[in-house]
Each structure stands twice: as C-alpha cells, then as structure tokens.
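Here the structure comes first, spelled out in structure tokens, and everything after it is commentary.
What follows is calculated from the coordinates using simple rules that are stated; it is not laboratory data. Computed from a predicted model, the values in this text were never measured in an experiment. Glycine gets a Cβ as well: all are built from the backbone with ideal geometry, and neighbour counts include every protein chain shown.
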C-alpha cells in the first residue's frame, strides 16, 4: 500500500469526511473561501483539484452548490419580507417620539443584500436563477444583391480564361455536384 500520509498542516488528501464537511458548510451558505480559511480544511486549490479529479466529489460539490442557491433564494425572500429595520422613530428635542421616518440606509442595505444573493444564485444555478435571454425573430431575410445568372456565368468563364483554362473541366463540375 502506497498511501500518502499527511504529516501536519492543512489536509490535502481526499476523504469522505472532509468532503461532507465542505458540502455541509456550503449548503449553510458559507463561501468556499471562508471554509478554506479554516486551518482544519484544505486550501481552495486542493478542493478545486478534488473537484477536477474525483467524479464522486464533483457531483457532491455540484449538488451542494445547487442546494446553496436554493438556500440563498429562501434568504432573499426573508430579507425582502423583513421590514423591521425600515423605519426609525422621529424624536423631538424633549426625547419624545413624534413620528416615524424611513431609514434609507437600512433599506439600501437590504437591497444590496438582495442583489448580492441574486447575483450569486444566478452564477451557481444559471439555468434556474440566471438572466433569461429571449431571441425573437420575425419577418424575412432579404438580400439586396440581384444576381443575373448570365453575368455570373460570364464572370466564371472569364476567371477560368485568365488562369489559362478556356472552360472548367467536366471532371471538376461532376465532382462538385
């Protein structure tokens, strides 16, 4: 048995336990970069090497990313529905609440959080959450070139005569047909 043994440092040898831990953390919404900052986890390069070399891990990783996109979608709904920080109280000089006003900073921050998650989900699952491009074509395609068959035939004969041939070989015409 020629099994490589890691003698310390970050793990670099594939094992199912590490693969499961990485997938679980991705599903929970953690980025791969953040996961790989953990000294108990392999580097990003190692994980990407595993994705490229190990078909079982590649499928596991892809599935974790798909689930992560679904979790992001759920987070987007929660952020959009949460208006608890959208308003602040107006207070007069005596410290009394005299009304409410929109907290534009909180609203903009929520919008940023939504946009970031939307973008991320569109990259993880582009078929489901990506931009849909619609290409519609109606009408007809017209050419503005009028070809007179006699003029075309004369031009072809002229090219052949300039090249030293009086007319195209019959063999050439038959092979092209």
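Above 30 angstrom, tally the Cα pairs of the chain and express them as a % of all pairs, no decimals.
Tail of P(r) above 30 Å: 59 percent of Cα pairs.
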Checklist entry - Looking only at 64, 21, 153, which one moves most when the chain is put into a Gaussian network model with springs between Cα atoms under 10 Å? => result 153
Checklist entry - At what distance in nm do the modelled label points of residue 54 and residue 160 sit from each other, each positioned 7 Å from its Cα along Cα→Cβ? => result 6.8
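Per 0.36 nm of contour for each residue apart, how much would the distance between residue 109 and residue 85 grow if the chain were fully extended, relative to their Cα-Cα spacing? Spell out each step's value before the answer.
Numbers: separation 24, 0.36 × 24 = 8.64 nm, distance 1.03 nm.
That works out to 7.6 nm of additional length.
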Checklist entry - Who wins for biggest fluctuation among 33, 58, 100 in a Gaussian network model of the chain, springs between alpha carbons below 10 Å? => result 100
Next on the checklist: Can you compute the modelled spin-label distance between residue 132 and residue 100, with each label point 7 Å from Cα toward Cβ, in nm?
Outcome noted: 3.5
Checklist entry - Cα axis of helix 104-124 to longest principal axis of the chain: angle in degrees, 0 to 90, nearest 10? => result 50
Checklist entry - Relative contact order of segment 1-150: what whole-number percent is it, with Cα pairs under 8 angstrom and at least 6 residues apart? => result 16
Checklist outcome for this item: Under a Gaussian network model of the chain whose springs join Cα atoms within less than 10 Å, the largest fluctuation of 16, 82, 148 belongs to 148
Checklist outcome for this item: The base-10 log of I(q)/I(0) that the Debye equation returns for segment 67-153 at q = 0.25, 0.26 Å⁻¹, one scatterer per C-alpha, is -1.16, -1.20
Next on the checklist: Taking each pair of distinct Cα atoms in segment 62-116 once, what is the resulting Kirkwood hydrodynamic radius in Å?
Outcome noted: 13.3
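Report the calculated FRET efficiency for residue 21 and residue 142 (r = Cβ-Cβ distance, R0 = 45 Å), to the nearest 0.05.
Numbers: r = 62 Å, r/R0 = 1.38.
That gives a FRET efficiency of 0.15.
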